Amino acid sequence: MLDLVLQALQTLFTPEHFMYLVMGVLLGLVIGVFPGLGGIAGLSLLLPFIYGMDEVSALATLIGLVAVIPTSATFTSVLMGIPGSSSSQATVLDGFALAKKGQASRALGAAFSSSLLGGLFGAIILTFFVQIARPLILLFGSAELFMLAIFGLSMVGSLSGKSLMKGVVACGFGILVGSIGAAPATGEFRMIFGINYLYDGLPLVVIALSIFAFPEISELFRKESAIAEGAELGKGGWLAGVRDMIKNKWLALRCAAIGTIVGAIPGMGGSVVDWIAYGHVVQTSKDKTQFGKGDIRGVIAPESANNAKEGGALMPTLLFGIPGSGSMAVFLGGMVLIGIEAGPSMVTKDIDLTYTIIWSLAIANVLGAGLSLFLAGPISRLTRIKFSLLAPFMIMVISFAAFQATKDMTDLWMLLIFGVIGIFMKRFGWSRPAFLIGFVLATQAESYLNMSVQFYGFEMFTRMGVLIILALTLISVYYSRKGTVDENAELMDKVRDKNLTVTPQLIFALFILLFVLIAIFDGHQQSFLGGVFPLAISYAILPFALYLVWIFIQKKTDNAAVFDAEQVAAPGTFKATWYEPILWIGGLYVLSMIIGFIPAVILFFIAFFTLKARIGWLQTAVLTAAGVGLLMLFGYFLNLEFPQGMF
């Protein structure tokens, strides 16, 4: 055994292995910065190039890429409020809020140092527990996995903002949207409304970008100012962020442990681990008032967890050939492609290969975090650029990223539709994180529930693992609301003084209620297994949705913002109407349908820079050429597609 471990060390420090590891890290940095692609797309694009490579070089490249994407995805999450990947969604809440205060470099410093700690923690845990992990992973059956999904949903209380009722309804709404498409147990199609695109359900990339990126772009669009509101960009600096992480090192280690555990459980993956970590820090903090408004702990927690989860996800991938996440599924395909078979042999005769993978993961995390920290200061200066100059690039990027979900023009229309829903959710105080958690966990929760009912019946609730997770869930719910305060009390006083209408809120609440009623009607058209899950969720949130409608009819505010409450809080701040950004983006998509994405983007850039930003023709030409040129270059080298027009 010792000989095999020493052989792994020797392989690790060969110039060839290190060179390919660095190449994978650099590629991961580029792909991670581009929102919506993430590990699955990055690894998928890399697979054709590793075919024919030797085992050591191919593995190094794959590991370098998969290790660093969660780190580099933080750039767009913090700087632009656009989730760089599924595992960096929670970082947006406080990271982007810090960027708007002029503390982007501080947020990035805390994020990258936390990512480094989390990645190293995951690799260390994997090193020591790779031999004993096998029996632990086997303890998780479908019943325990279902309860873990419920545990994830218990984060809703801590992430529902100032209105728990709206948070619960938003979560249920997210679950119902996530239930669109084929039922896991029976294959029956639910709530597809005759639209072919919905047969496979809505892609996570499209929903995440629309619910988080779209409303932030819309708000900045209306302000027509730079992203950073602080007077000094360097306030705090990236070194201050590193000091923040050191100050909160025990929080980072706790969340890294959470990330490793959740990552090791097949099927949970990166799309929920950051929310669990974020929920944990909110629940365990005495002062919750700054979360969502720029609390550095809200950056440290999810970032340490999402990098640690890669080490955890390697456990079931290597030991059983069961991928712990979507990116690990593609990684497993890469292993097969170069002739490596995952399974029990990885802890016996191939233990040297296992340790080479684990330690390569650790080194890749160090390289990725180091490079990202080095770039944090210069790149954070983007937040000082006037938003009217950045807006076309951000709109182009999220549109292109959304299109990569299914390569269908409908991706863009769904981005627009749910983007509008996201705008209203933000302005009316409906929790967007709660919606996204519900959406992410919908399919998993339903699948595990169906399997549990068929395998165990009601005895599933007597299993020790289920009881332990249930206890943790109840504790989570208790701490979710403890110490929560209404952070918008002063704003609401102003709203009431001006006697603003709540009619727009009533219309939105009626829209949610209508969707719930449609889900109930549709559920009754399905078989028992096909309809029981959406029906249970619909009936559970129906009383809350009805109550919200009733209080708006009674002209109450439910401690939430009214339609133009931002104008009350900061008169004169907004220079454009709420629907103007929607018209600009919708116009881009109409043009894309007619003449194709690239020509449409060129016309969009020219029109936007001349009419909205009001800059000269020379600047317009340079910026248009730079933006479109980089997009085409990126698409060419990564072999990505652009929406095609009718002509």
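Residues are listed down the side, and each one gets a yes or a no for (1) within 23 Å of PRO392 (Cβ to Cβ); (2) assigned to a helix (DSSP H, G or I); (3) more than 22 Å from the chain's Cα centre (by Cα):
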site: GLY187; (1), (2), (3): no, no, yes
site: GLY194; (1), (2), (3): no, no, yes
site: TYR199; (1), (2), (3): no, yes, yes
site: LEU202; (1), (2), (3): no, no, no
site: VAL206; (1), (2), (3): yes, yes, no
site: SER210; (1), (2), (3): yes, yes, no
site: LEU220; (1), (2), (3): yes, yes, no
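If I ask for residues that are within 13 Å of PRO392 (Cβ to Cβ) and either in a loop (DSSP other than H, G, I, E, B) or assigned by TED's automatic domain parsing to the domain that holds LEU412 (or both), which ones from region 582-636 would you list?
Within region 582-636, ALA613, ILE615 meet the criteria.
What residue, of LEU375, LEU412, is surrounded by fewer than 18 Cβ atoms within 10 Å (Cβ to Cβ) and in a helix (DSSP H, G or I)?
LEU375
Given the residues LYS166, LYS235, which is the only one that is modelled with pLDDT under 80 and either out of contact with any Ser or Thr (no Cβ under 6 Å at 6 or more places or on another chain) or not assigned by TED's automatic domain parsing to the domain that holds SER105 (or both)?
Exactly one of LYS166, LYS235 is modelled with pLDDT under 80 and either out of contact with any Ser or Thr (no Cβ under 6 Å at 6 or more places or on another chain) or not assigned by TED's automatic domain parsing to the domain that holds SER105 (or both), namely LYS235.
The values are calculated or read from the model by the stated rules, or taken from the named source; none is laboratory data. On a predicted model such as this, the values are computed, not experimentally measured, just so you know. Because the Cβ atoms are built from the backbone with ideal geometry, glycine has one as well, and the counts that use them run over all protein chains shown.
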